[in-house]
Every structure is written in structure tokens, then in C-alpha cells.
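Read through the structure below, which is laid out as C-alpha cells, and then see the notes.
The values are calculated or read from the model by the stated rules, or taken from the named source; none is laboratory data. All values derive from a computational prediction rather than experimental measurement. Please note: Cβ atoms are built from the backbone with ideal geometry, for glycine as well, and neighbour counts cover all protein chains shown. Ligands, DNA and RNA are excluded from the accessible area calculation, which covers all protein heavy atoms including side chains. Shrake-Rupley method; radii C 1.70, N 1.55, O 1.52, S 1.80 Å.
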Amino acid sequence: MWHDPKTMNAIALTLMLLSAGALLWAAGHWFVRQPSFAFRQVVVQDLHRADPAHVAAVIRRELKGTFFTMDLDGAQQALRQVPWVRNAGLHREWPDRLEVSIREFEPFAHWNGTALVTRDGMVFVAPYDGDLPELTGRDDEAIAVVERFERWGMRLASLGLELETVRHSPRGSWQIEATDEHGNTQVIELGRDMVDARMERFVSVYRKTADVLAHAGRQHDYIDLRYQNGLAVRTTARTTARTTERATERTTAQTVAQTTAASADNGSSKRQ
């Protein structure tokens, strides 16, 4: 082999090509890491609820490399850890610009008292003290709880009731809370089975039941629908604006009388 010119030429050519390839790779590796290709403009778009300072800190931490070498997937993963950030898109624009587009979570309801949930059942943790419905359940059943809330909320709205709370217990039982136009809260037990049919039963008898109780001077605050052909209702004395006004008038009159009597007693004491 060593005396064969053709073989030796082939080996030499192969070694030369390998050397040239290694040299080109090293040159390219050095070239793309030059500071002249570093990002000098970073533009963040669609940022509303997420903390700008937190997002900026993550971007600064993840800006490792240049236009050619930055790990975009790693930066996206890091940005998804920022509260409120659902997803992030990173786009490089020659020669030194990086555009970051943030997609934030849209809260639909409070979830289990410690988190939030979106309309499509995504549970996330972020600071929020706004007024939202209260939903409870397992995280893997969040979408089912949200769907039930929306469906039942529409049915109750036709009765003038606002659905505020839906609870799905670990044992599969459903309980809801709704508020009427007077601000009175009603707890409704639906149980585990045939919950949609029980909701329809409630809708069909609500107005008649409320009217009968109103004529009796009562109102309901708890309804148990876990019966095959009926329901149980817990009632309290009905409170109206006029009742409250009369109670206030009585309290005011009593206060005035007590104040007058106390003044008279003080006057008598002084005269003595």
C-alpha cells in the first residue's frame, strides 16, 4: 500500500479534506461567537399582567450567546416560569435585534383558593385579587368544572340568579352557590349522580317555590336536590329593604329615647 501512489494520494487528499473541514468548523465556531453578533436590541411585546422587571431579568439571564448561538428553546422555557406567562415566542431579526412576544394567561376563575384557572381549564399560579368566580376540584378535572360553571350559570341567569361558586369534591359531589337580585346567597346541593337533570328540576320549581315562601314571609338559603323525586329546603325569615328600614327606624328611635333620658338624668344630678 505504501508503494502505491494512487493509494497514498487518496489518503493524503482525505487527510487534507479532514483538516480543512476541522479548520473551517473552528473558524465558524469562533466567528459566530464574536461580540459583534451580540443582541443590542430586545423588544418585548404584549406584556400586560406579567411583571416587566421579572421578564427583563429572565431575558438578561438567558441572553447567552449571539445572534447565531442563543438557545431560543431554553429562553422560552425560562419565560414560561414567569407568573402570568403562558407562552413566549422569540424571533431574531438581523443583525442584532431580538423580538419577544408574550402570550399571557387569561384568568376565568379562582381555583381551590390558591390558584387561577383559564376558560380552557389551564390551572396556573399568579398574584391576583380581582373579583372572579370560585371553583374547586382536582386539577385534572378543571375543564369539566369550568364547563359546568358556564352551563349552569346560563340556566341560573334565566332565573335572575348569579352563579358564584362551583365545588366538585374528591368524592365526586357537586355543590354550588348562587346569589339573587337582593344579594341573598343560596347553597344548592346537586350530589354525584344525574346532576344536570337535578339542575333542570331546580330551574323548573324555583320560581314557584320562591313565591310560596315569599307569601309566607320566608326565604331559602339552602336547597338539597339529592332526592329522586323532590328536594329539601332550609328557610329563614325573609329580609326586605322595608324590613331593614323599619328595624333601623326602631333602633334610631330607641337610641334617641335613651339619649334624652340620659340627658335628663344628668341634668337632675347637676341640680342636686
Carbon and sulfur: what percent of region 135-187's accessible surface (1.4 Å probe)? 49 percent
Probe 1.4 Å, heavy atoms of protein chains only: per residue, the accessible area of region 122-216 in Å² is 55 Å²
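With a 1.4 Å probe and every protein chain left in place, work out the accessible area per residue of region 46-107 in Å², rounded to a whole number.
Details: 3420 Å² over 62 residues.
Averaged over the residues of region 46-107, the accessible area is 55 Å².
Among the chymotrypsin sites (Phe, Trp or Tyr not before Pro) in region 73-133, which ones are in a DSSP loop with at most 16 other Cβ atoms within 10 Å of the Cβ? Mind listing them? Mind dumping the intermediate values first?
Working: sites: Trp84, Phe105, Phe108, Trp111, Phe124, Tyr128; in loops: Trp84, Phe105, Phe108, Tyr128.
Passing both the DSSP loop test and the Cβ count: Tyr128.
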Please report the relative contact order for region 74-146, taking Cα pairs under 8 Å with a sequence separation of at least 6, and give it as a percent rounded to a whole number. 22 percent
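Which of rounded, prolate or oblate describes region 122-210 when judged by the alpha-carbon gyration tensor and an a/c cut-off of 1.5? Display every interim value, and only then the final one.
Values: a/c = 2.28, a/b = 1.35, b/c = 1.68.
Note, shape of region 122-210 comes out oblate.
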Charge context of Glu134, other residues only, Cβ under 14 angstrom, K/R +1, D/E -1: -3
